[in-house]
Amino acid sequence: MLVRNCAGGVVFSGDKVFLLKNEKDEWVLPKGVIRSGDYPDEVAKRRVKEETGIDAEIVLAAGNTNYEFFSVTRQRPVCNKITWYVMKSLNDNFEINKGENFSEGRYFSIDEALEKITYSQDRALINLSYAKYKQLA
């Protein structure tokens, strides 16, 4: 099994959180693979910017998730281990990177996001991150 270390952001603007729709029509959070020499927080900020066009700052660590899937292109199982950060957008501007195979994205109210998000562990991550984010506000 290929194990990939990744980092991503749960990006808030006020009481809304940003979600992306990928090529599988799944609503997900922005994230990317940590390459050799990269720091997880740098990867999270960079991937948020690359995938969404959002300028965001890290507020605090959100936690970690793991998931496994079978990669058709690699013809083997993959395990993504993701370090997540609670992030705050510096403005409401965004521009979805269609070159990264995202078809849609926007800020959703927390309730809408919890209905839209595809994976249950991401739902729990949004809940936890929002609670942490509100404590700091």
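Would you work out if segment 2-136 is rounded, prolate or oblate? Take a ≥ b ≥ c from the square roots of the eigenvalues of the alpha-carbon gyration tensor; rounded if a/c is under 1.5, else prolate when a/b is larger than b/c, oblate otherwise.
Because its axes are fairly even, with a/c under 1.5, segment 2-136 counts as rounded.
Which entries in 98/132; 21/132; 45/98; 21/98; 16/134; 88/134 show an alpha-carbon gap greater than 22 Å?
Over 22 Å apart, Cα to Cα: 98/132; 21/132.
Quick one: 3J(HN,Hα) in Hz for segment 78-83, Karplus 6.51/-1.76/1.60 with θ = phi - 60°, rounded, Gly and Pro as x.
Per residue, the Karplus-derived 3J(HN,Hα) values read 10, 10, 9, 10, 10, 9 Hz.
Out of residues 5 or more away from residue 34 or on other chains, whose amide H comes under 5 Å of its own, with H placed 1.01 Å from N in the peptide plane?
5, 6, 7
Does segment 1-58 come out rounded, prolate or oblate, given a ≥ b ≥ c as the square roots of the eigenvalues of its C-alpha gyration tensor, rounded meaning a/c under 1.5 and, failing that, prolate meaning a/b above b/c? If you can, show how the numbers build up before the last one.
On the way: a/c = 2.31, a/b = 1.26, b/c = 1.83.
In terms of gyration-tensor shape, oblate.
Checking the a/c ratio against 1.5 first, then a/b against b/c, what shape does the Cα gyration tensor give for segment 59-111?
Cα axes put segment 59-111 in the oblate bin.
Using only the alpha-carbon atoms, how far is helix 120-136 inclined from the longest principal axis of the chain? Give it as 0 to 90 degrees, nearest 10.
30
Looking at 97, 121, 79, which one has the Cα that reaches farthest to the positive end of the dipole of the chain (charges on Cβ: Lys, Arg +1; Asp, Glu -1)?
The residue sitting most towards the positive pole is 79.
Report, by chain and number, residues whose modeled amide H sits under 5 Å from the one on residue 53, excluding near sequence neighbours (fewer than 5 apart, same chain).
Here the answer is 95, since their amide H atoms fall under 5 Å of that of residue 53.
Return the calculated 222 nm mean residue ellipticity for the chain, to the nearest 500 deg cm²/dmol, obtained by summing -39500 (n - 2.57) across DSSP H runs with n ≥ 4 and dividing by the residue count.
Taking each H run of at least 4 residues, the total per residue is -8500 deg cm²/dmol.
Using the Cα centre as the reference, give the magnitude of the dipole from point charges on the C-beta atoms of the chain (Lys, Arg: +1; Asp, Glu: -1; all else neutral), rounded to the nearest 20 debye. Don't skip to the answer; put the middle values down first.
Numbers: 20 positive and 20 negative charges, 86 e Å.
Roughly 420 debye for the chain.
Using the charge dipole of the chain (Lys, Arg: +1 at Cβ; Asp, Glu: -1 at Cβ; taken about the Cα centre), state which of 64, 20, 30 has its Cα farthest towards the positive end.
64
Every number in this text was worked out from the coordinates using simple rules, so none of it is lab data. Computed from a predicted structure; not experimentally measured. All Cβ positions, even for glycine, are placed from backbone atoms using ideal geometry, and neighbour counts span all protein chains on display.
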